[in-house]
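Only the coordinates and a few stated rules stand behind these numbers; no lab work does. Quick caveat: nothing in here was measured; it's all calculated off a predicted structure. All Cβ positions, glycine included, derive from the backbone under ideal geometry; neighbour counts span all protein chains shown.
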Amino acid sequence: MEKALFIIFAVVSVAAALNILLQRNPLYSALSLVGTLIALSALYVMLRAQFIAAIQIVVYAGAIMVLFVFVIMLLNAPKEAPYIEKHKALRFLAIPFAGLLIAEAFYVIRLVKPIQMPASDDSAQAVGTTLSVGTKLFTDYLLPFEVTSVLILMAIVGAMVLARRGED
Amino acid sequence: MTDLLLEWTIKIAVILGALLTAVAYSVLLERRIMGFIQLRRGPNRVGPFGLLQPAADGLKLIFKEDIIPSQASKLLYVIAPTLLLIPSLMIFIVIPFGSEIVLFGRKIALQVTHFDVGLLYVLALGSVSVYGIALAGWASNNKYSLMGGLRASAQMISYELALGLSVVGVLIQSGSLDLVEIVRSQGGWNGMHWNVFVSQPLGFLVFFIAALAEANRTPFDLPEADSELVAGYHTEYSSMKFVMFQMGEYCNLIAAAGVSTTLFWGGWMGPGVETYPALSLAYFTAKVFVFVFVFIWIRFTLPRFRYDQLMRFGWRVLLPLAILNIIITATVKLLVS
Amino acid sequence: MIPLSWYLGLSALLFTIGAVGVFIKRNAITIFLCIELMLNAVNLTFVALSSYFGDMGGQLFVFIVMTVAAAEAAVGLAIIISIFRNRESLNVDEADSLKL
């Protein structure tokens with residue numbers, strides 16, 4: 001049962017990810033990425049990380065990707081040119097390198113020790129619940145959290161400066 | 001296990017049936033109230049008080065020709081209405097309709113399910129439903145539709161922030177994201193200890209306005225803005241696809257009413273629910289009905305925002321107010337405890 | 001039970017697809033999408049390991065990665081908009097001069 005669910009969501013996520021590359025229209029690519037994100041969120045639920053799964057949809061699918069879709073629609077971008085004009089050689093290099101990368105990854109994964117997932121724990125303190133994420137975030141990880149807020153402030157200022165029309 | 005599965009299936013079927021009926025009749029309700037406010041009668045010919053009007057409208061729309069524009073992007077054009085409707089229907093599985101009642105010798109909680117991140121789940125579905133509108137606008141290959149889709153996505157990103165921040169006050173009060181827990185935390189004062197009276201009037205105001213914007217209701221109905229964009233994102237739609245957009249919109253409306261009730265107006269809480277659990281269902285329905293009425297009332301009272309006003313209001317008024325609400329709630333909570 | 005290596009394998013696959021996309025795509029927005037895909041592949045690894053080891057650290061890291069991704073999307077899309085405004089093209093090969 002669990003394995004079947006994993007396979008379904010894994011296939012959906014990989015198929016959607018491949019579709020990002022196959023589509024020439026950036027809007028279809030963006031929607032494929034939304035498909036991958038939702039499949040991944042389902043996998044997070046299976047890993048009992050409910051909070052991260054919900055945040056994945058709210059932040060990624062609901063905000064970041066809507067922003068992408070908005071920009072793509074706003075620019076009404078032309079479709080991509082059918083083939084790569086300049087660096088044709090890159091394409092022939094990319095495929096073997098991709099093969100190499102994935103072979104490497106699987107070689108490493110083969111060495112992973114088979115660990116059992118801890119038995120399911122229904123208490124509010126269990127790994128992945130809002131309470132445990134919040135407690136950790138505001139005690140042990142307070143500094144990274146605060147630094148992230150500075151980063152976001154910088155991003156807001158940066159985006160405003162960049163997107164503003166020039167004074168000239 | 002099979003018992004639980006059966007219980008879920010029955011609950012989902014009942015809620016779906018009740019919801020779709022409510023959606024059909026909220027259209028009629030809207031038209032009747034519009035008639036009343038504009039000093040005319042509204043639809044009153046089909047059946048007593050026009051009660052059969054939804055059925056007649058449905059039949060008419062089913063028999064209309066289903067047009068797909070030749071230059072449209074077909075796949076997206078066809079799935080866009082579903083993308084609006086399905087998320088708004090899915091919200092209702094976490095909304096608690098009442099307390100526990102005993103039926104056939106079995107304790108039945110009046111919600112389909114509840115989990116640790118219930119409120120985030122609601123926010124997530126609310127934010128995903130914008131894809132339906134944005135993609136419908138883009139796929140129709142029509143400049144008015146595209147404008148509608150663009151406006152919908154910009155509006156959604158801007159008001160989602162205020163919506164998300166306005167519920168933080170409630171979370172500080174109840175200490176949980178689970179909607180059932182949030183309702184239970186409002187149970188004091190003989191069932192009248194509602195968040196909106198206790199500490200969150202400002203939070204409720206921000207939430208209410210942002211929820212209006214999320215449901216694309218007047219004065220925030222920029223994505224369809226009949227007077228500027230013909231019919232906005234669904235200009236090209238006809239027949240059943242148009243019906244699905246209408247259903248999605250009213251479903252969002254009822255969802256907004258249900259979530260506002262749950263978070264701020266005590267959900268199913270009210271005087272006497274402890275002794276008569278069945279009363280909770282009536283309280284919940286009545287509160288949701290009042291909300292739907294207010295939404296409709298606002299629609300025929302306020303004019304539409306201009307686009308720049310909409311953006312300025314969202315970012316410069318609602319967002320600071322929501323943050324102010326968080327600061328006040330957190331400070332009070334800290335001082336009291 | 002699903003073995004941990006399945007999650008890691010899926011993550012590796014997604015990461016590779018994202019990396020290939022960055023190389024073979026020339027549209028700035030699509031390249032950006034592929035970068036997001038790689039970030040997500042890594043997030044899956046973090047969440048999987050965090051759940052299997054029963055340690056919250058991985059999930060908190062995912063939380064921070066998501067905020068970084070949001071900041072990155074805001075700035076990156078602003079840059080893409082200003083490039084498009086100047087050159088009427090999203091092709092990264094055409095944005096090759098330092099002056100406008």
For A:MET1, placing the label point 7 angstrom along Cα-to-beta-carbon and taking the range A:128-147, residues whose amide nitrogen sits under 20 Å are none
Label the range B:56-181 by shape, choosing from rounded, prolate and oblate, from the square roots a ≥ b ≥ c of the eigenvalues of the Cα gyration tensor; if a/c is under 1.5 it is rounded, and otherwise prolate applies when a/b is larger than b/c, oblate when it is not.
oblate
Other chains' Cβ within 10 Å of C:32-41 residues: what's the mean?
6
Run the simple label-point estimate for B:PHE300 and C:MET1 please: 7 Å along Cα→C-beta, distance reported in nm.
6.3
DSSP loop GluC sites (Glu not before Pro) with at most 16 other Cβ within 10 Å: longest gap in chain B:
B:66-273
How high is the relative contact order of the range C:4-87? Use alpha-carbon pairs under 8 Å, at least six apart in sequence, and give a whole percent.
28
Enter the per residue convex hull volume of chain B, computed from alpha-carbon coordinates, in Å³ rounded to the nearest integer.
154
Chain C, Gaussian network, Cα under 10 Å: of C:ALA69, C:ALA78, C:ALA41, the residue fluctuating most is C:ALA78
Considering amide H positions built from the backbone, and no H for Pro or chain starts, which residues 5 or more places from A:ILE115, or on another chain, come under 5 Å of its amide H?
C:LEU4
Is the shape of the range C:4-87 best called rounded, prolate or oblate, per the rule: a/c under 1.5 gives rounded, else a/b larger than b/c gives prolate, else oblate, with a ≥ b ≥ c the square roots of the Cα gyration tensor eigenvalues?
oblate
The range B:198-315: relative contact order as a whole-number percent, Cα under 8 Å and 6+ apart
31
Show me the ranking of peptides B:287-296, B:35-44 by mean Cβ neighbours inside 10 Å, starting with the highest.
B:287-296, B:35-44
Scoring only Lys, Arg, Asp and Glu (+1, +1, -1, -1) among other residues with Cβ under 12 Å from the Cβ of B:ARG41 yields +4
Whole-Hz ³J(HN,Hα) from phi, Karplus 6.51 cos²θ - 1.76 cosθ + 1.60, for the range B:116-123, glycine and proline x:
3, 10, x, 5, 5, 4, 4, 4
Would you mind getting me the FRET efficiency between A:GLU146 and B:HIS193? Use the beta-carbon distance for r and R0 = 45 Å, nearest 0.05.
0.80
Give a residue-ordered list of calculated ³J(HN,Hα) values for the range B:205-212 (Karplus: 6.51 cos²θ - 1.76 cosθ + 1.60, θ = phi - 60°; whole Hz; x for Gly, Pro).
4, 4, 4, 4, 5, 5, 5, 4
Taking the Cβ of B:ILE10 as the center, what net charge do the other residues with Cβ under 13 Å away carry, scoring Lys and Arg +1 and Asp and Glu -1?
0
Binning every alpha carbon pair distance of the protein assembly as shown at 10 Å from zero, what are the percents per bin?
3, 15, 26, 27, 19, 8, 2, 0
hull vol. (C-alpha, convex hull) per residue for the range B:173-212, Å³ -> 76
How large is ³J(HN,Hα), in whole Hz, for each residue of the range B:321-337 in order, when computed from phi with the Karplus curve 6.51 cos²θ - 1.76 cosθ + 1.60 and θ = phi - 60°, using x for Gly and Pro?
4, 4, 5, 4, 4, 4, 4, 4, 4, 5, 5, 4, 4, 5, 5, 6, 7
Per the rule of 0.36 nm per residue minus the C-alpha distance, extending B:VAL168 to B:ALA109 adds in nm 18.6 nm
Average beta-carbon neighbours from other chains, 10 Å sphere, peptide B:113-126:
5
Per-residue Cβ counts within 10 Å, from other chains only, averaged over B:161-173: what number is that?
0
Give me the extension gain from B:PHE63 to B:THR82: residue separation times 0.36 nm, minus the current Cα-Cα distance, reported in nm with one decimal.
4.9 nm
From the Cα gyration tensor of the range B:213-266, with a ≥ b ≥ c the square roots of its eigenvalues, which class applies: rounded if a/c is under 1.5, or else prolate if a/b is larger than b/c, or else oblate?
oblate
Candidates B:SER88, B:SER70, B:SER145, ranked by Gaussian network fluctuation over chain B, Cα under 10 Å, top entry:
B:SER70
Using only alpha carbon pairs under 8 Å that are at least six residues apart, calculate the relative contact order of chain B and give it in whole percent.
23
So for each of B:316-327, C:12-23 I average, over its residues, the number of other beta carbons within 10 Å; can you give me the resulting order with the highest mean first?
C:12-23, B:316-327
Would you mind getting me the FRET efficiency between A:ALA103 and C:VAL68? Use the beta-carbon distance for r and R0 = 25 Å, nearest 0.05.
0.25
